[in-house]
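Participant: Before we start, here is the structure in question, set down as structure tokens.
Bear in mind these aren't lab numbers, they're just calculated from the coordinates by the rules spelled out. This one's a predicted model, so the numbers in the text were calculated from it and none came from an experiment. For neighbour counting, all protein chains shown are included, and Cβ atoms are generated from backbone atoms with ideal geometry for every residue, glycine included.
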Amino acid sequence: MSIKELKDFAEDINKCSKCGLCQSVCPVYKETGNDCAVSRGKFVMLDGVLKGDLKLNKNINKYLDSCLKCGKCTDFCPSGIDVCKIFETAKYNYAKNTLTGKIIFFLESQFVFGNLINIFKLITKPLRKQTKGKTSNSLKLLYFKGCINNLCPRTDNYLYKIFKHSDIKIIEKDFECCGQPFLSSGNLERFEQVKKHNLKMLENCDFDYILTDCASCESTLKQYMDVKFINTGELTNLLGLKFKFPQPVKVTFHKPCHLTNDDFLIHLLKNCKNVEYTEMTGYDDCCGFAGEFAIKNRKISKAISDKKAKNILATKADYVITTCPGCILGLYQGLSKYKKAPKIISLTHFLAKANSSL
Ligand code: SF4
Ligand code: SF4
């Protein structure tokens with residue numbers, strides 16, 4: 001598939017009615033009050049670029065970078081504009097012609113990034129337990145680990161602990177990164193490369209669902225894989241698992257921006273004995289991290305994380321649970337300065353703490 005250029009989105013950019021509704025949901029606009037940081041303002045600039053009135057230069061790039069790619073404006077836009085797709089393309093058009101962009105693209109290449117992950121996969125393989133099916137009718141789950149779980153073997157072992165009595169078979173394939181970091185950096189060529197590779201992994205593979213442990217991976221894969229997905233929480237509900245925790249614990253939940261559906265959570269928590277849930281104010285507000293956004297926009301990122309942290313602390317929970325490794329970093333950014341902060345934990349790790357899953 002050929003990669004689109006910014007000019008291919010001229011019609012979509014013109015669909016923006018400048019209604020300003022995106023301002024009411026954009027975490028960056030709420031923090032900065034700067035119209036250039038939200039989709040409406042960015043479309044005004046990109047329209048100027050397409051008309052030849054403005055240059056796609058580092059000033060415009062700065063505003064393309066001041067976006068969390070949370071997709072909240074896309075969900076809200078009455079004109080139905082696929083906002084992130086346009087920003088990614090603009091970023092690609094800019095970055096591919098700059099020295100910094102070329103260096104980043106090299107670091108993200110299969111040769112550097114891909115091989116680094118492969119080395120970790122190899123080193124950590126003996127440390128990982130594998131969940132094998134018990135019968136020929138096992139539920140077959142093709143596991144998309146994601147880069148973080150490829151670096152660190154713990155999640156495989158949590159899955160083993162949670163599902164060791166269930167009749168499920170976890171199938172492993174040699175997937176590459178889902179591609180999310182490459183979309184953010186505008187490295188659309190690398191994105192197409194991993195997409196092609198990952199789709200190839202599905203060929204001749206018999207499975208019921210793709211199992212994920214990261215909301216961002218899942219939402220990115222859904223852009224190009226037309227299959228059924230399931231996350232750890234949904235899987236425990238499907239299998240009817242019940243959990244008993246050794247001591248009473250209070251928990252709250254941070255909903256990652258990329259987690260499209262969290263209906264599973266309440267049902268799951270009802271099946272957790274000794275767990276008391278409190279919903280935090282703004283439980284679906286962004287954590288402020290979003291990978292390179294946090295590096296390029298330190299102050300804004302910290303301010304968004306700080307707000308989140310205050311809402312978490314108000315719940316007086318022992319644990320704040322989430323389903324995205326990136327959000328774990330964002331929550332840590334906000335909570336790390338507090339001595340008595342709740343522990344930040346992935347849902348899979350939390351469930352593995354139960355002393356029984358039946
Ligand atoms: S919500 Fe959509 S149509 Fe309205 S200003 Fe924002 S991008 Fe434009
Ligand atoms: S994707 Fe999120 S951060 Fe970026 S403009 Fe839209 S609402 Fe704002």
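Participant: What is the local net charge at Gln110, summed over the other residues whose Cβ is closer than 10 Å to its Cβ (Lys, Arg +1; Asp, Glu -1)?
Facilitator: On the way: positive: Arg190; negative: Glu108, Glu176.
Net local charge, Gln110 excluded: -1.
Participant: Using just the C-alpha positions of the stretch 13-139 as equal point scatterers, what log10 of I(q)/I(0) does the Debye formula give at each q in 0.14, 0.19, 0.21, 0.23 1/Å?
Facilitator: -0.73, -1.01, -1.16, -1.31
Participant: What does the convex hull of the Cα atoms of the stretch 148-220 come to per residue, in Å³, rounded to a whole number? Kindly include the intermediate steps, with their values, before the conclusion.
Facilitator: Details: hull volume 7.0 nm³, N = 73.
Measuring per residue, one finds 96 Å³ for the Cα hull of the stretch 148-220.
Participant: Ok, one more. Per the Kirkwood treatment, what hydrodynamic radius in Å, one decimal, follows for the stretch 242-357 from the mean inverse distance over all distinct Cα pairs? Display every interim value, and only then the final one.
Facilitator: Details: mean 1/r = 0.0696 Å⁻¹.
Evaluated over the stretch 242-357, this radius sits at 14.4 Å.
Participant: Could you list log10 I(q)/I(0) for the stretch 87-187 at q = 0.11, 0.23 Å⁻¹, which the Debye formula gives when each Cα is one point scatterer?
Facilitator: Per q value, in the given order, log10 I(q)/I(0) is -0.47, -1.14.
Participant: Quantify how much of the Cα-Cα distance distribution of the chain extends past 28 Å, in percent.
Facilitator: 47
Participant: For every helix of n ≥ 4 consecutive DSSP H residues, a contribution of -39,500 (n - 2.57) applies; sum these over the chain, divide by its total residues, and give [θ] at 222 nm rounded to the nearest 500 deg cm²/dmol.
Facilitator: -13000 deg cm²/dmol
Participant: For the stretch 251-358, which GluC sites (Glu not before Pro) are in a loop by DSSP, counting at most 16 other Cβ atoms within 10 Å?
Facilitator: Working: sites: Glu276, Glu279, Glu292; in loops: Glu279.
Answer in residue order: Glu279.
Participant: Only Cα pairs under 8 Å and at least 6 apart count here; give the relative contact order of the chain as a rounded whole percent. Walk me through the numbers before you get to the answer.
Facilitator: Numbers: 566 pairs, mean separation 55.2, N = 358.
Contact order relative to length: 15 percent.
Participant: Pull up the DSSP beta bridges for the chain and report the antiparallel fraction as a percent, rounded to 5.
Facilitator: So the antiparallel bridges amount to about 10 percent of the total.
Participant: If you don't mind, there's one more thing I want to ask. Treating only the Cβ atoms of Lys and Arg (+1) and Asp and Glu (-1) as charged, compute the dipole magnitude of the chain about its Cα centre; round to the nearest 20 debye. Working shown, then result.
Facilitator: Working: 55 positive and 36 negative charges, 265 e Å.
Using only the charged Cβ atoms, the result is roughly 1280 debye.
Participant: Still on this structure: Rounded, prolate or oblate, given the Cα gyration tensor of the stretch 285-332, with a/c below 1.5 counting as rounded? Before the final figure, lay out each step's value.
Facilitator: Values: a/c = 3.12, a/b = 1.55, b/c = 2.01.
Note, shape of the stretch 285-332 comes out oblate.
Participant: Taking H placed 1.01 Å from N in the peptide plane, check which residues at least 5 places from Phe229 or on another chain put their amide H under 5 Å from its amide H.
Facilitator: Ile210
Participant: Same structure, new question: Skipping prolines and chain starts, which residues have an amide H placed within reach, meaning under 5 Å, of the one on Lys244, given they are 5 or more residues away or on another chain?
Facilitator: Lys273, Asn355, Ser356
Participant: If you wrap a convex hull around the alpha carbons of the stretch 208-304, what volume per residue comes out, as a whole number of Å³?
Facilitator: Values: hull volume 11.8 nm³, N = 97.
Measuring per residue, one finds 122 Å³ for the Cα hull of the stretch 208-304.
Participant: Next question. Are there any trypsin sites (Lys or Arg not before Pro) in the stretch 323-358 that are in a DSSP loop and have at most 11 other Cβ atoms within 10 Å? List them by number. Could you put the intermediate results ahead of the total?
Facilitator: On the way: sites: Lys337, Lys339, Lys340, Lys343, Lys353; in loops: Lys337, Lys339, Lys340, Lys353.
Answer by residue number: Lys337, Lys339, Lys340.
Participant: I need Cys147, Cys257, Cys217, Cys19 ordered by Cβ neighbour count within 10 Å, fewest first. Could the numbers behind the result be given before it?
Facilitator: Working: Cys147 20, Cys257 23, Cys217 28, Cys19 11.
The most exposed by this proxy come first: Cys19, Cys147, Cys257, Cys217.
Participant: What residues have an amide H closer than 5 Å to that of Lys250, excluding those fewer than 5 places away on the same chain, when H is modeled at 1.01 Å from N in the peptide plane?
Facilitator: HN-HN under 5 Å from Lys250: Glu276, Asp318, Tyr319.
Participant: Something else: Among Phe113, Gly20, Ile60, whose Cα lies farthest out toward the positive end of the dipole of the chain, if unit charges sit on the beta carbon of Lys, Arg (+1) and Asp, Glu (-1)?
Facilitator: My answer, from the dipole projection, is Phe113.
Participant: Let me ask something additional. Count the net charge of all other residues whose Cβ sits under 12 Å from the Cβ of Ser184, scoring Lys and Arg as +1 and Asp and Glu as -1.
Facilitator: Numbers: positive: Lys69, Lys91, Arg190, Lys296; negative: Asp65, Glu88, Glu108, Glu292.
Once positives and negatives cancel, what remains is 0.
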